[in-house]
1. For TYR124, indicate whether it is over 24 Å from GLN190 (Cβ atoms), in contact with a Phe, Trp or Tyr (Cβ under 6 Å, 6 or more places away or on another chain) and within 14 Å of the ligand (Cβ to nearest atom).
2. Name the residue that is farthest from the ligand (Cβ to nearest atom), counting only residues in the range 226-242 that are among the β-branched types (Val, Ile, Thr) and within 14 Å of VAL308 (Cβ to Cβ).
3. What pairs come up if the first residue lies in the range 212-230 and is within 12 Å of THR196 (Cα to Cα), the second is more than 12 Å from the ligand (Cβ to nearest atom) and among the charged types (D, E, K, R), and their beta carbons are under 7 Å apart, counting only those six or more places apart or on different chains?
4. List pairs: first residue in the range 335-357 and of a type in the set (S, T, N, Q), second residue outside any loop (DSSP other than H, G, I, E, B) and exposed (fewer than 15 other Cβ atoms within 10 Å of the Cβ) anywhere in the structure, Cβ distance under 8 angstrom, at least six positions apart or on different chains.
5. Looking at the range 357-373, can you tell me whether even one residue there is within 21 Å of the chain's Cα centre (by Cα) and hydroxyl-bearing (Ser, Thr, Tyr)?
6. Does ALA272 satisfy being surrounded by fewer than 22 Cβ atoms within 10 Å (Cβ to Cβ) and farther than 23 Å from GLU150 by Cα?
7. Hey, which of the helices (runs of 4 or more DSSP H) in the range 244-351, taking only ones fully inside, have at least 2 residues that are among the β-branched types (Val, Ile, Thr)?
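The values are calculated or read from the model by the stated rules, or taken from the named source; none is laboratory data. This structure is a prediction, so every number in the text was calculated from the model and none was measured. Quick reminder, even Gly has a Cβ in these numbers, built from the backbone with ideal geometry, and neighbours come from all protein chains shown.
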Amino acid sequence: MTTRRAFLRNSTLGLLFAPYGLRAYAEELGLEPGQLPAGQTVPFVMDSAPGAETVINGRKYVYFGGTGYFALHGNAEMIRTGIDAFGKYGMHSATTRSGFGNNPVLLDAEKRLAGYFETEEALYYVSGYLNGLMMAQGLADQFDLALVDETAHFSIKDGINSTRKPIVFYKHRDPSDLRSKLKSELKAGQRPLVITDGVFPTFGVIAPVPEIIEELEPYNGILCLDDAHAVGVLGANGRGTCEHFGLKLSDKLIMSGTLSKAFGGHGGFIPASAAFIQKIKQTVGAYSGASPTPTPIAAASAKGIELVQSHPEWREKLRHNVARIKKGMRKLGFDVGDSPMPIVTWTLKSADEMKKVQKELLDRGIAVAYLKYVGAPSGGVLRASIFSTHTDAHIDRLLEELKKLV
Ligand SMILES: Cc1ncc(COP(=O)(O)O)c(C=O)c1O
């Protein structure tokens, strides 16, 4: 049954009842009735590009949300590059890349990706959400059973499901559980594929990749990483989780990433051998049957790769910021773990308490996320994403205000 609130929130007619609907919705969110602008039916509307300071619901906040780790999404050079490409090539090719749909911008983005990740080739497509699907479908003739971290991103589970192969879940970041699942679930002659996030988005923790590889070795299995959060950020050159562990990509260790987060652009990618890229092109419908990434977006994203590659000092600044906030959070008594990722996550006693802290911080001009995202406990978590453009003053302000609230 549709509740009165759901009706008011979701229907156009509901907007006619906005004064009641918004008040009820605001209450549900723990916001003061006056806090939502007139006519707004979602809690937050971003009125600027995301950055260390971001305008939300018409008000400027010190912003610790999202995944724009180098705050590039509003970068002027990227925008100019995108506009130039828009003028020259239009929106996109209006046909798939298996026919007339290639253009110099897409090819350049892929060349840059292959250069950045030191692989023979790379494949760039319209969304990082397709990472799991691209890898799993591309490898469909090379595995019989998929073993997936139980808190893997939705997109990984959807990607594996698209192959109609059986899935077994192993305990989060637990190689010994993976070992026992390999022993108990894999039938004689079957080939395993493990797929996991390289970095898990909710807590920013890293998958135990060397140990997973060790468990797979007796079975000659393949490991695929969705490294959406790590690329650009983790490892000496920002090549992600494999670089962090000093591991080389191969036909047994395959990664994917996104340009939508650290690189400030949009779209997923796989840097890999020429043979594997060719195989994906020939076998995966999401490549051969879809319009490619819009050209202006591809051009701006390729500029994002160039910028991240030529500014290693941004990663240094990010490390400084991560160290500063984690030290401060520990001083306040929070267990924020020791991941080098710019994701700082903590919980309080109850969901209500966390929502209250988020609201109090918003009142004071600071935006952190309250999430029930994949891998979060049932009550949710509070998460602050750290950007290279946050100043010490931004970070100290969050710490000071938090200290008053907990
Ligand atoms: C592990 C993982 N894969 C894929 C995605 C989706 O990437 P995109 O935002 O580029 O579609 C996300 C998004 O947060 C993610 O965390």
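1. Working: over 24 Å from GLN190 (Cβ atoms): yes; in contact with a Phe, Trp or Tyr (Cβ under 6 Å, 6 or more places away or on another chain): yes; within 14 Å of the ligand (Cβ to nearest atom): yes.
Answer is yes for this residue.
2. Taking the range 226-242 as the starting set, the residues that turn out to be among the β-branched types (Val, Ile, Thr) are 231, 233, 241.
Of the ones still in play, those that are also within 14 Å of VAL308 (Cβ to Cβ) are 231, 233.
Values: VAL231: 10, VAL233: 13 Å.
Across the range 226-242, the extreme among qualifying residues is VAL233.
3. Close Cβ pairs (under 7 Å, with a partner that is more than 12 Å from the ligand (Cβ to nearest atom) and among the charged types (D, E, K, R)) amount to ILE222/LYS252; LEU223/LYS252.
4. Matching pairs, first to second residue: none at all.
5. As a first pass, look at the range 357-373 and keep what is within 21 Å of the chain's Cα centre (by Cα): 367-373.
Those still in the list that are hydroxyl-bearing (Ser, Thr, Tyr) too: 370, 373.
Yes, the conditions are met somewhere in the range 357-373.
6. On the way: surrounded by fewer than 22 Cβ atoms within 10 Å (Cβ to Cβ): no; farther than 23 Å from GLU150 by Cα: yes.
Spelling it out, it is not the case that ALA272 is surrounded by fewer than 22 Cβ atoms within 10 Å (Cβ to Cβ) and farther than 23 Å from GLU150 by Cα.
7. Details: elements: 274-283, 285-288, 295-310, 312-331.
The helices (runs of 4 or more DSSP H) meeting that bar are 274-283, 295-310, 312-331.
For every residue, the table says whether it meets (1) modelled with pLDDT of 95 or more; (2) small (Gly, Ala, Ser); (3) in the same structural domain as TYR373 (by TED's automatic domain parsing).
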position: VAL42; (1), (2), (3): no, no, yes
position: GLY51; (1), (2), (3): yes, yes, yes
position: VAL62; (1), (2), (3): yes, no, yes
position: ARG80; (1), (2), (3): yes, no, no
position: ILE83; (1), (2), (3): yes, no, no
